[in-house]
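Following: one structure in structure tokens, then a few remarks.
Each value in this text was obtained by applying a stated rule to the coordinates, not by laboratory testing. Just so you know, these numbers come straight off a predicted model, no measurement behind them. Don't worry about glycine lacking a Cβ; one is built from the backbone with ideal geometry, like all the others, and counts go over all protein chains shown.
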Amino acid sequence: MSEALERRLQTLEDRAEIAELIARYGPAADAGDADAVAALWAPEGTYQFDDTVLDADGIRALVTIPTHVEYMRRGCAHILSAPRIEIDGDTAVAVTHSIVMLREGERWVGERVSANRWELRRTAVGWRVQRRRNRLLDGDAAARELLAP
Amino acid sequence: MSEALERRLQTLEDRAEIAELIARYGPAADAGDADAVAALWAPEGTYQFDDTVLDADGIRALVTIPTHVEYMRRGCAHILSAPRIEIDGDTAVAVTHSIVMLREGERWVGERVSANRWELRRTAVGWRVQRRRNRLLDGDAAARELLAP
Amino acid sequence: MSEALERRLQTLEDRAEIAELIARYGPAADAGDADAVAALWAPEGTYQFDDTVLDADGIRALVTIPTHVEYMRRGCAHILSAPRIEIDGDTAVAVTHSIVMLREGERWVGERVSANRWELRRTAVGWRVQRRRNRLLDGDAAARELLAP
């Protein structure tokens with residue numbers, strides 16, 4: 001296989017794998033599957049939302065915190081938009097919106113609407129999240145900055 | 001073309017085709033296009049939402065049921081999240097969230113927010129839906145199970 | 001590289017590039033980044049929403065109009081669904097839903113929910129938007145027609 005061809009194929013595969021990785025977050029969170037959530041991150045990876053920074057143990061515990069358990073009891077959906085992805089060799093940055101739709105009476109409303117910036121890296125077992133930052137789009141300039149190129 | 005290369009290309013094409021198939025559902029439903037909705041399923045395919053199971057005739061009739069006609073009259077959007085896709089030879093499973101946003105006064109609210117599990121198969125004319133299950137994320141454990149790995 | 005192989009790779013790359021182009025719109029709009037918004041369109045491209053038609057200057061000014069500035073101040077998210085894409089040589093049509101989720105009190109609600117039809121073309125610097133049409137899904141038949149095959 002020529003080098004040029006290999007590179008083109010690899011780039012497409014990288015994009016597909018990163019999109020797939022991100023697409024696993026919402027279903028894992030809503031299913032309350034701690035292992036599936038944890039499996040998305042590299043061992044030393046972090047998840048910062050608002051002003052909280054979680055390491056691997058914290059990420060694994062996410063679906064067991066009272067707020068999340070209450071979301072699942074009422075009915076919730078963690079929905080991520082199709083990502084914008086920039087790959088640079090063995091690292092990548094992806095940007096998505098996320099919404100948490102929460103059941104309220106007979107309807108669902110946007111409980112959280114956030115900007116997300118995912119820093120990813122290629123590991124021996126595939127692409128993993130090195131750092132994810134999530135901030136509420138509530139007028140905060142720091143949230144908007146996560147969406148910048 | 002080498003077998004390894006052919007396999008890599010085919011896998012990427014399969015993913016793209018399945019993502020495209022699923023991306024056609026929302027526009028077809030909101031356009032009220034019965035043929036376009038029906039064309040997504042294999043002839044013997046089914047669509048189960050809540051406790052209703054539709055066969056090909058039922059799927060084709062979906063956009064003509066009174067609830068759907070009323071949705072279109074008021075203004076609705078059937079929005080699907082980017083799918084998580086697992087391909088195994090000639091079958092595949094895709095998982096998505098779906099939202100029906102419905103016009104209410106001057107705003108749109110989440111009228112249905114659901115978990116979806118799509119079982120697909122490769123047919124002579126391309127990937128088609130064999131079985132789609134949709135359950136409201138209203139706290140129901142059966143809905144959450146559709147999202148599990 | 002064989003011609004058949006080149007064609008298959010090119011098609012996958014075209015799809016990925018178009019999906020990426022569309023995925024850039026929401027973050028660019030919410031970040032208030034006029035250059036990033038403008039960069040998505042071909043120089044002669046247009047953006048029609050409701051009954052307004054914007055040319056390149058108008059598109060660049062989008063994030064500075066009072067309504068948009070007020071959205072950003074309150075907290076907003078322009079979220080696009082994963083696109084349905086049909087490519088025909090050097091032109092393509094993509095269809096997506098879009099939602100503007102806007103902060104209202106402690107929640108976010110759907111301020112605009114629209115049908116979008118993107119006409120794209122391959123330029124010397126990659127795929128660009130030639131014409132985007134956006135209409136509110138408020139029961140208007142013209143909006144539903146944007147979603148048709």
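Its Cα centre serving as origin, the protein assembly as shown has a Cβ charge dipole (Lys and Arg +1, Asp and Glu -1) of approximately 320 debye.
For the stretch A:3-147, the direction-averaged projected area of the alpha-carbon convex hull comes to 9.2 nm². Each other residue within a Cβ distance under 12 Å of B:E104 adds +1 if Lys or Arg and -1 if Asp or Glu, for a net charge of 0.
With Cα atoms defining each centre, the stretch B:71-87 and the stretch A:1-61 are spaced 23 Å apart in the structure. Other protein chain C-beta atoms within 10 Å of residue C-beta, averaged over B:140-148: 4. Take C:E44, move 7 Å from Cα toward the beta carbon, and the resulting point lies 5.3, 5.3 nm from the same point in each other copy, nearest first.
Placing unit charges on the Cβ atoms only, positive for Lys and Arg and negative for Asp and Glu, gives chain B a dipole magnitude near 220 debye about its Cα centre.
The distance between label points at A:R107 and C:Q48 comes to 3.1 nm (points 7 Å beyond Cα on the Cα→Cβ vector). Could you point to the residue in B:P149, A:L147, B:L12 farthest towards the positive end of the protein assembly as shown's charge dipole, with +1 and -1 charges on the Cβ of Lys/Arg and Asp/Glu respectively? Highest projection toward the positive end goes to A:L147. Phi angles of the stretch A:82-97 translate, via the Karplus equation with coefficients 6.51, -1.76, 1.60 and θ = phi - 60°, into HN-Hα couplings of 4, x, 8, 10, 10, 9, 9, x, 9, 10, 8, 10, 10, 10, 9, 8 Hz per residue; Gly and Pro are given as x. With only the Cα atoms considered, the protein assembly as shown has a convex hull volume of 140 Å³ per residue. Closest approach of a chain C beta carbon to the axis mapping chain C onto chain A (residue, whole Å): C:A82, 3. Placing pseudo-labels 7 Å out from each Cα toward the beta carbon at B:E6 and B:D57 gives an inter-label distance of 4.3 nm. Calculated mean residue ellipticity, 222 nm, chain C: -10000 deg cm²/dmol, from DSSP H runs (n ≥ 4) at -39500 (n - 2.57) each, averaged per residue and rounded to 500. Find, among the GluC sites (Glu not before Pro) in the stretch B:1-37, those assigned to loop by DSSP (not H, G, I, E, B) with at most 13 other beta-carbon atoms within 10 angstrom. Of the GluC sites (Glu not before Pro), not one in the loops of the stretch B:1-37 has a Cβ with at most 13 other Cβ atoms within 10 Å. By the compact-protein rule of thumb, 2.2 N^0.38 Å, the alpha-carbon radius of gyration of the stretch A:96-138 corresponds to a ratio of 1.59. For the pair B:A34 and B:D88, a Förster radius of 30 Å applied to the C-beta separation gives a FRET efficiency near 0.45, rounded to the nearest 0.05.
Against the main long axis of the alpha-carbon atoms of chain C, helix C:3-23 sits at an angle near 10°.
Inter-copy label distances for A:T64: 5.3, 5.3 nm (label point placed 7 Å from Cα along Cα→Cβ; shortest first).
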